[in-house]
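Q: My questions all concern the structure below.
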Amino acid sequence: MPMSVKLRIDESAVIGPVRRRTFGSFVEHLGRCVYTGIFEPDHPTATPEGFRQDVLDLVEELGVSSIRYPGGNFVSGYRWEDGIGPVEQRPARLDLAWHTLEPNTFGVDEFMAWMKQADLEPIMAVNLGTRGVLEAVDLIDYCNVPRGSANAERRRTNG
């Protein structure tokens, strides 16, 4: 016997605020999410930084508020230092999660630039699978300390 269900939405019956991060998402180096997804310098809609404008527009349309990076299984073997500084100096590495070659042409620096362009809040994930707490502290330092520390000065040098 089929069941029937009624749903009534009453805007005046507010239970509580909805946190902005409820509408968050993540970016993982899997399939087309990064390369040929959000980052494709040769795409017809690419911004000068290589970000696909059509994807930026869709992210805005979806109402995404924050993005975790690097997301999914990729973070379990990610070396954040590989994704900073001049792209031509970054090492290509075997991605242990997906058994692919990661060129590191999109990394922490590009992610933060994409976040700024998309006007979203970044949430950084840290690799505690193959790395440790000190690498996580260094990433926090790189991303957040305004100036003075070695990692903050690296970030400032990298733009």
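The values are calculated or read from the model by the stated rules, or taken from the named source; none is laboratory data. Treat the numbers as computed from the prediction; the structure is a model and nothing was measured. Every residue, glycine among them, receives a Cβ derived from its backbone with ideal geometry; neighbour counts consider all protein chains shown. For the accessible areas, the whole protein counts, side chains as well, though only heavy atoms, and no ligand, DNA or RNA atoms are used. Shrake-Rupley method; radii C 1.70, N 1.55, O 1.52, S 1.80 Å.
Q: Count, please, the residues in the stretch 8-42 that happen to be of a type outside the set (A, V, I, L, M, F, W, C) and in contact (Cβ under 8 Å) with a residue 40 or more places away in the chain.
A: Count: 8.
Q: Okay, next question. Which of the residues spanning the stretch 58-96 are of a type in the set (Lys, Arg), touching a residue at least 40 places away in the same chain (Cβ under 8 Å) and open to solvent by less than 60 Å² (accessible area, probe 1.4 Å)?
A: Of everything in the stretch 58-96, nothing turns out to be of a type in the set (Lys, Arg), touching a residue at least 40 places away in the same chain (Cβ under 8 Å) and open to solvent by less than 60 Å² (accessible area, probe 1.4 Å).
Q: Report yes if Ile140 is closer than 26 Å to Val59 by Cα, modelled with pLDDT of 95 or more and either surrounded by fewer than 18 Cβ atoms within 10 Å (Cβ to Cβ) or aliphatic (A, V, I, L, M) (or both), otherwise no.
A: No, not satisfied.
Q: Being closer than 17 Å to Phe26 by Cβ and among the polar types (S, T, N, Q) is the filter here, so list the residues in the stretch 107-157 that pass it.
A: Passing the criteria: only Asn127.
Q: Could you say whether any residue in the stretch 92-104 is part of a loop (DSSP other than H, G, I, E, B), touching a Phe, Trp or Tyr at 6+ places or on another chain (Cβ under 9 Å), closer than 16 Å to Ala125 by Cα and not aliphatic (A, V, I, L, M)?
A: no
Q: Shifting gears a bit: Look through the stretch 150-159, keep the residues that are small (Gly, Ala, Ser) and farther than 14 Å from Gly83 by Cα, and return whichever of them is most open to solvent (accessible area, probe 1.4 Å).
A: Ala150
Q: Pick out the one residue from Asp119, Asp95 that is at positive phi and charged (D, E, K, R).
A: Of the residues listed, the single one that is at positive phi and charged (D, E, K, R) is Asp119.
Q: OK, next. Please go through the stretch 116-149 and pick out each residue that is farther than 15 Å from Trp80 by Cα, assigned to a helix (DSSP H, G or I) and either in contact (Cβ under 8 Å) with a residue 60 or more places away in the chain or small (Gly, Ala, Ser) (or both).
A: Within the stretch 116-149, Gln117, Ala118 meet the criteria.
Q: Is it the case that some residue within the stretch 1-11 is within 19 Å of Asp109 (Cα to Cα), in a loop (DSSP other than H, G, I, E, B) and open to solvent by 30 Å² or more (accessible area, probe 1.4 Å)?
A: No.
Q: Give me a count of the residues in the stretch 111-130 that are open to solvent by less than 30 Å² (accessible area, probe 1.4 Å) and of a type outside the set (A, V, I, L, M).
A: Matching residues across the stretch 111-130 total 3.
Q: Search the stretch 16-40 for residues being open to solvent by 40 Å² or more (accessible area, probe 1.4 Å) and within 19 Å of His99 (Cα to Cα), and hand back the single one that is nearest to the chain's Cα centre (by Cα).
A: If we take residues in the stretch 16-40 being open to solvent by 40 Å² or more (accessible area, probe 1.4 Å) and within 19 Å of His99 (Cα to Cα), then Cys33 is nearest to the chain's Cα centre (by Cα).
Q: Being buried (at least 16 other Cβ atoms within 10 Å of the Cβ) and assigned to a helix (DSSP H, G or I) is the filter here; which residues of the stretch 41-57 pass it?
A: The answer is Val55, Leu56.
Q: Looking only at the stretch 69-91, filter to residues that are among the small types (Gly, Ala, Ser) and assigned to a helix (DSSP H, G or I); which one of those is nearest to Cys143 (Cα to Cα)?
A: Filtering first and then ranking leaves Gly83.
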